[in-house]
Structures are given as structure tokens and as C-alpha cells.
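This structure is in C-alpha cells; I'll ask about it shortly.
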Amino acid sequence: MKRYFEIVNLPIPCSFILNDWTRFDLRTGIPKNSFEVYKKGFPYLGLKPGAEVLFKKETIGSIILLIKGAKRIEDVEILALAKPESEKVQEVAKAKIAEFK
């Protein structure tokens, strides 16, 4: 998973207890369940280029929700690549990027 995710806005990697009472430990690198944790809106994970392949099977609606909740321009651009044929996804991505600027 370290190929697709990076730790952002966290000076020292640490361990977290998620809402479902599972442990998410960033001290040892990027855990295998990072994809599911990212989709839930975890603020300390960011996408790396190439991560769009993970989101190819997601619905257009879920991609739009992820774009709206994205914290970085890079994440929005990568998520938009997951559904390049969808005009709605591209419109939402452009609007979100405009918010950052």
C-alpha cells in the first residue's frame, strides 16, 4: 500500500483508534487496510500518483463524495483520474480545485 498512500500533515507517525475500535498504526509504515481507512475520510493519508487504479471499481457517486472530502489538490486530481470518462466527476474535481486556489 505504500506505493499508493503517503502520510500527510502528521509530524510524527503514531497509532490511532478508529471509530469502529480498530487500531490503525502508522508507526510501522502504511498498513494494508489504508484503502478502506482513506475512504472513511482519515485526514492523515494522502494519495500518490498511480493510486487511481484502486478507485476504478468505485461508483461515480462514491468518487464524487471522496473528491468533495479531499484535503489536498493532489488527491482531487488522482481521484478524478479514476473516472476520466465521467463529466460529473470532472466538473466536481474542477470546482474542488478552484476552492483550494
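If packing is taken as the average number of other Cβ atoms within 10 Å across a peptide's residues, how do 70-79, 38-47, 56-65 rank, most packed first?
70-79, 38-47, 56-65
Could you tell me what percent of the accessible area of the chain is made up of carbon and sulfur, with a 1.4 Å probe and every protein chain present? Each step should come with its number before you reach the end.
On the way: 3600 of 6370 Å².
That share works out to 57 percent.
If R₀ is 22 angstrom, what is the calculated FRET efficiency for the pair Lys40 and Gln90, using the beta carbon separation as r and rounding to 0.05?
For Lys40 and Gln90, the calculated efficiency is 0.35.
With +1 on the Cβ of every Lys and Arg and -1 on the Cβ of every Asp and Glu, and nothing else charged, how large is the dipole of the chain about its Cα centre, in debye rounded to the nearest 20?
Approximately 180 debye in magnitude.
Could I ask something else about it? In whole Hz, with x marking every Gly and Pro, tabulate ³J(HN,Hα) for the range 93-101 from phi via Karplus 6.51 cos²θ - 1.76 cosθ + 1.60, θ = phi - 60°.
5, 4, 5, 5, 4, 5, 4, 6, 8
So what is the 222 nm mean residue ellipticity for the chain from helices alone, if each DSSP H run of at least 4 adds -39500 (n - 2.57) and you divide by all residues, rounding to the nearest 500 deg cm²/dmol?
Counting only the DSSP helices, I get -11500 deg cm²/dmol.
Leaving out ligands and nucleic acids, and using a 1.4 Å probe, what accessible area per residue does the range 9-60 come to in Å²?
66
Please work out the Cα center distance from the range 27-92 to the range 5-25, rounded to the nearest Å.
If you average the Cα positions of each part, the centres end up 17 Å apart.
Taking a ≥ b ≥ c as the square roots of the eigenvalues of the Cα gyration tensor of the chain, is the shape rounded (a/c under 1.5), prolate (a/b larger than b/c) or oblate?
prolate
Over 26 Å between Cα atoms: which of Lys57/Lys101; Lys32/Lys96; Lys2/Lys88; Lys2/Lys101; Lys57/Lys88 fall into that group? Each step should come with its number before you reach the end.
On the way: Lys57/Lys101 30 Å; Lys32/Lys96 28 Å; Lys2/Lys88 29 Å; Lys2/Lys101 28 Å; Lys57/Lys88 17 Å.
Listed pairs above 26 Å: Lys57/Lys101; Lys32/Lys96; Lys2/Lys88; Lys2/Lys101.
Right, something else. Determine the gain in length on full extension of the stretch Leu10-Asp25; use 0.36 nm per residue of separation and subtract their C-alpha separation, reporting nm with one decimal.
4.1 nm
The values are calculated or read from the model by the stated rules, or taken from the named source; none is laboratory data. Treat the numbers as computed from the prediction; the structure is a model and nothing was measured. Glycine also receives a Cβ, built like all others from the backbone with ideal geometry; neighbour counts cover every protein chain displayed. SASA here: full protein model, heavy atoms, side chains in, ligands and nucleic acids out. Shrake-Rupley method; radii C 1.70, N 1.55, O 1.52, S 1.80 Å.
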